[in-house]
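Only the coordinates and a few stated rules stand behind these numbers; no lab work does. Bear in mind the structure is a predicted one, so any value in this text is a computation, not a measurement. Counting neighbours? That spans all protein chains shown, and the Cβs are built from the backbone with ideal geometry, glycine included.
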Amino acid sequence: MALRWGGWWWRWRCGASARRAPPPLPPPHGSVPGPGSRSSPPVLGGAMCHFAQRSSVLSFPKICNIFWRFHHTSTSQMCSCSKTVSDEKYQDPFQLGRKDLKNLYEDIKKELLVSTAELREMCEYYFDGKGKAFRPMIVVLMARACNIHHSNSREVQASQRSVAIIAEMIHTASLVHDDVIDDANSRRGKMTVNQIWGERKAVLAGDFILSAASLALARIGNTTIISVLTQVIEDLVRGEFLQLGSKENENERFAHYLEKTFKKTASLIANSCKAVSILGCPDPKVHEIAYQYGKNVGIAFQLIDDVLDFTSCADHLGKPAAADLKLGLATGPVLFACRQFPEMNAMIMRRFSKPGDVERARKYVLQSDGVQQTTYLAQRYCHEATREISKLRPSPEREALIQLTEMVLMRDK
């Protein structure tokens, strides 16, 4: 399991002598304190509610000012989201969900039965049991938490487990396709499908995994669930198109980045959580809780992923470091760093295409507080996820989902 809980990691990541916890949650409608309002806790306002309400986002300068105030707020004013779960209530999510995920990859391979040996080998390549199974874990824990909330049943329904399988299949298909688009040569510490079998066959393998996931989805026999999960595939495509583009206006870049992050990463988690909640509970309020939890955890997960691109070595990540810069992508750490080093604007617009751009941009990011600010932003999303899931009836599974938000922040690859 590629997760570390040592305090040294946080001190190194944030450059602080002690762990900085998120500030208190914003008021219901969110507001941005004025420049002289240091006593009020910083809030995300529009940035946090962008995906909840699918409306506006705070301009990037405002976001930066908010996080500057957050950074300079004394720890005595902050409350720790890790205090949400006491030591007595601690539940290891991976232990708690192990029963429901037993034979997960074997069951996925059963969905991929094909007569052509080469196609089968390609499709099964990433289903080797060495992945974290992070998405299926969230899905089965959410299923149990919603079932307990509604009927006090801890059993995961067969249809809910199918959603976990489908989520992992969609995710893996997207990885295969992403590696083709990015011309990636390593994934999870081994060569990519496109490097071994070529781009054309890799595209077909990704397509086949998606088709198998679609068949599994159809067998659930619920049109609402089909609608919810097919939204994920649409979002993946739209997110990839967003990633291929960029915004000239500095104020629009962060909104563009967060929208891309939601569609490419968080939508799968959010809608999979929503799907199992629909299958286990008829209450629309519970469906929204599940969706909001998945959305916020998903965005935080990607924010930390973008941080690790600057702070972890290639061998540890299992993929090349600084990969995003090499692809011309301006992620959270870059966008925050750009506030301190405006000369990065020109590099962002030309997608780091000139010789030396990648090295210079990486240097600027590491000299700035971009990594720190992106980590703080991830904390805020995790805190919001905790706030949402805490609305459900108490259960070991609910506490495990809260612990998962901590694990998202603490992961090192």
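Pairs of C-alpha atoms in region 335-413 farther apart than 22 Å represent 46 percent of all such pairs. In region 93-410, taking the dipole from charged Cβ atoms about the Cα centre, the farthest positive-side position among Met344, Met122, Val180 is held by Met122. With semi-axes defined as the square roots of five times the eigenvalues of the C-alpha gyration tensor, the equivalent ellipsoid of region 170-221 measures 24, 11, 8 Å, largest first.
Peptide packing for 298-306, 173-181, 199-207 was compared via the average number of neighbouring C-beta atoms within 10 Å per residue; ordered from the highest value, the list is 298-306, 173-181, 199-207. Contact order, relative form, for region 93-410: 20 percent (alpha carbon pairs under 8 Å, 6 or more residues apart, mean separation divided by residue count).
Find the all-direction average of the projected area of the Cα convex hull for region 93-410, expressing the result in square nanometres with one decimal place.
15.7
When +1 charges are put on Lys and Arg Cβ atoms and -1 charges on Asp and Glu Cβ atoms, the dipole computed for region 93-410 relative to its Cα centre reaches about 440 debye.
For Lys102, a cut-off of 28 angstrom between C-alpha atoms picks up these lysines, skipping any fewer than 8 places away in its own chain: Lys89, Lys110, Lys130, Lys132, Lys190, Lys264, Lys274, Lys295, Lys319, Lys413.
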